[in-house]
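**Q** If you scroll down you'll find the structure; I have some questions about it.
Readers should treat all values here as calculations from the given coordinates under stated rules, not as data from a laboratory. Not measured: the values here are computed from a predicted model. Here the Cβ positions follow ideal geometry from the backbone for every residue, glycine too, while neighbour counts run over all protein chains shown.
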Amino acid sequence: MDFVENDADEMRQWVKDHWDPSGELVSWRTQLAQSGWGKPSWPSQWFGRDLPTSSENMSRQALFEAGAVGMASGVSMYLVAPTLLEWATERQLQQFLLPILTGQHKWCQLFSEPGAGSDLASLSTRAERDGDEWVISGQKVWNSGAQNADYGILLARTDFAAAKHQGISFFLLPMRQSAVEVRPLHQMNGHSSFNEVFLNEARLPHENLIAFEGEGWRVALTTLAHERSAVATPRPKFPSSRSPLVQAAKAEAEEYFATYSWYPQRAGRPRLVGSQARLLGKSQIPRIRQLAAGIEELQRTSRWTTQRAAAARSAGRTPGPEGSVAKLNMSITARKSAAAHSAILGTAGVLSGSSASPHELLAEVLISTPAQSIAGGTDEIQKNILAERALGLPKEPPPQVKE
């Protein structure tokens, strides 16, 4: 079905007829979900309208113009929901989709382990069947939002005799149980955005297994594809309203995005390079000008890649290599920006915290940018994905173990 202006008119009328700023957030989002206008690109049987991906922008704009708010945001929406829509059973979709849309259930991702980061398929967290339940033991790490999550999407090994990619299963883990312990990790930039999660015989019902036993790697590839494409996920905009409903949605988003308050520093703050050079009287130095020009080139190519990815989604295609290209470009931009900031700041760049004032923000940039090349799949992994899956090059040979 092609998107036409009539759809936008119909949605605007629906919002006009149903939006009540004095109402309650979950109740409003439930109405919006059931109307199909909250996520119009989703299937009609699952809170959507079967419209093109481009209709998502139409929905956001129509809600904003009406002073209304949309669905919940975050990991639950951009990672969990798309994975469930592709792989979950009808019963699982009935149980989990609506609470994700309304924000009643918050989710986290439980993939990486201390010994299985870039080589995720080497994970060793164990899942054993016990009647109608699965018992999970192991450790996960780098888990954003785990301290507030109601559920986690979990990879665990169910067959240690099978090849490593075939012995993994994908589960939906209830986080609110005594067998799940969440500990914050303290980062060198002073933030604690991530956690490590310890699972000591945590339990979940067999019906929380996604797909079939041993198919977890295939399911995880869907999640990871959406994770890489999520670099362009927009932060929600809220109307300027004193409505309690709007304020509740805004507070919810602020709490979620507070975890990621340092991410602009992780990305290198490239837009500050020129202004800082001018502020410190270094904008005419040839080397500084070259660095600034190189960063501008990277930012423009990154925008074009994002536009290509958006066009692919609008055409109904699943996330492709654009996600890995964008991720690599962000890493390169972050490193180049950090190098430029270092050149501009000089010896002041080695200071940190309040001692770095008035350059405290840029001092944080310099110790945050290494994370950009690791999070969401390392640069090396992204290069392998592009080489093997996009370009069809031979697989990288496994490391040789010396006896």
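**Q** How large is ³J(HN,Hα), in whole Hz, for each residue of the range 94-99 in order, when computed from phi with the Karplus curve 6.51 cos²θ - 1.76 cosθ + 1.60 and θ = phi - 60°, using x for Gly and Pro?
**A** 4, 6, 10, 5, 4, x
**Q** In terms of modelled amide H atoms, which long-range or inter-chain residues lie less than 5 Å from the amide H of Trp134?
**A** Distant-sequence amide H within range of Trp134: Leu204, His206.
**Q** With runs of 4+ DSSP H residues as the only contributors, calculate the mean residue ellipticity of the chain at 222 nm using -39,500 (n - 2.57) per run, divided by the residue total and rounded to the nearest 500.
**A** Numbers: 13 runs with 166 residues, N = 403.
The helix-only estimate for the chain comes to -13000 deg cm²/dmol at 222 nm.
**Q** Separate question: Considering amide H positions built from the backbone, and no H for Pro or chain starts, which residues 5 or more places from Cys108, or on another chain, come under 5 Å of its amide H?
**A** Correct list: Tyr151, Gly152, Ile153.
**Q** Let me ask something additional. Pairs Lys327/Lys383; Lys39/Lys237; Lys164/Lys395; Lys140/Lys327: which exceed 18 Å Cα-Cα?
**A** On the way: Lys327/Lys383 10 Å; Lys39/Lys237 16 Å; Lys164/Lys395 16 Å; Lys140/Lys327 23 Å.
Beyond 18 Å: Lys140/Lys327.
**Q** Something else now. Under 26 Å Cα-Cα from Lys282, which lysines qualify once same-chain neighbours fewer than 8 residues away are excluded?
**A** Answer for Lys282, where 26 Å is the Cα cut-off: Lys336, listed by chain and number.
**Q** Is the shape of the range 84-160 rounded, prolate or oblate, going by the alpha carbon gyration tensor and its root eigenvalues a ≥ b ≥ c, with a/c under 1.5 for rounded and a/b larger than b/c for prolate? Before the final figure, lay out each step's value.
**A** Values: a/c = 2.02, a/b = 1.36, b/c = 1.48.
It comes out oblate by the Cα gyration axes.
**Q** For the chain, modelled as a Gaussian network with Cα springs under 10 Å, which listed residue fluctuates most, Ala292, Ala127, Ala258?
**A** With Cα springs under 10 Å in the chain, the top fluctuation among Ala292, Ala127, Ala258 is at Ala258.
**Q** Once phi is turned into ³J(HN,Hα) by the Karplus curve 6.51 cos²θ - 1.76 cosθ + 1.60 with θ = phi - 60°, what whole-Hz value does each residue of the range 168-174 show in order, with x for glycine and proline?
**A** Once rounded to whole Hz, the list reads 10, 10, 10, 10, 10, 9, x.
**Q** Starting from the range 193-266, pick out the trypsin sites (Lys or Arg not before Pro) whose DSSP state is loop and whose Cβ has at most 16 other Cβ atoms within 10 Å. Show your work: numbers first, answer last.
**A** Details: sites: Arg203, Arg218, Arg228, Lys237, Arg242, Lys250, Arg266; in loops: Lys237, Arg242.
Here the sparse-neighbourhood loop sites are Lys237, Arg242.
**Q** Would you mind ranking Ser337, Ser22, Ser357 by Cβ crowding within 10 Å, fewest neighbours first?
**A** On the way: Ser337 28, Ser22 7, Ser357 11.
Going from sparsest to densest Cβ surroundings: Ser22, Ser357, Ser337.
**Q** If you don't mind, there's one more thing I want to ask. Alpha carbon centre of the range 32-50 versus the range 273-301: separation in Å?
**A** Using only Cα atoms, the two centres lie 45 Å from each other.
**Q** Please list, by residue number, every one of the trypsin sites (Lys or Arg not before Pro) in the range 317-377 that is coil in DSSP and has at most 13 other beta-carbon atoms within 10 Å. Before the final figure, lay out the partial values.
**A** Details: sites: Arg317, Lys327, Arg335, Lys336; in loops: Arg317.
Listed in order of number, the matching sites are Arg317.
**Q** Still on this structure, I have one more. What is the Å³ per residue value for the convex hull set by the Cα atoms of the chain? Kindly include the intermediate steps, with their values, before the conclusion.
**A** Working: hull volume 73.7 nm³, N = 403.
Measuring per residue, one finds 183 Å³ for the Cα hull of the chain.
**Q** Please state the shape class of the range 107-214: rounded when a/c is under 1.5, otherwise prolate if a/b exceeds b/c and oblate if not, all from the C-alpha gyration tensor.
**A** Numbers: a/c = 2.25, a/b = 1.41, b/c = 1.59.
Oblate, since a/c reaches 1.5 and b/c is not below a/b.
**Q** Quick check: from the Cα gyration tensor, does the range 1-95 come out rounded (a/c under 1.5), prolate or oblate?
**A** oblate
**Q** Follow-up question, since we're still on this one. Between the alpha-carbon centers of the range 333-368 and the range 177-212, tell me the distance in whole angstrom.
**A** 33 Å
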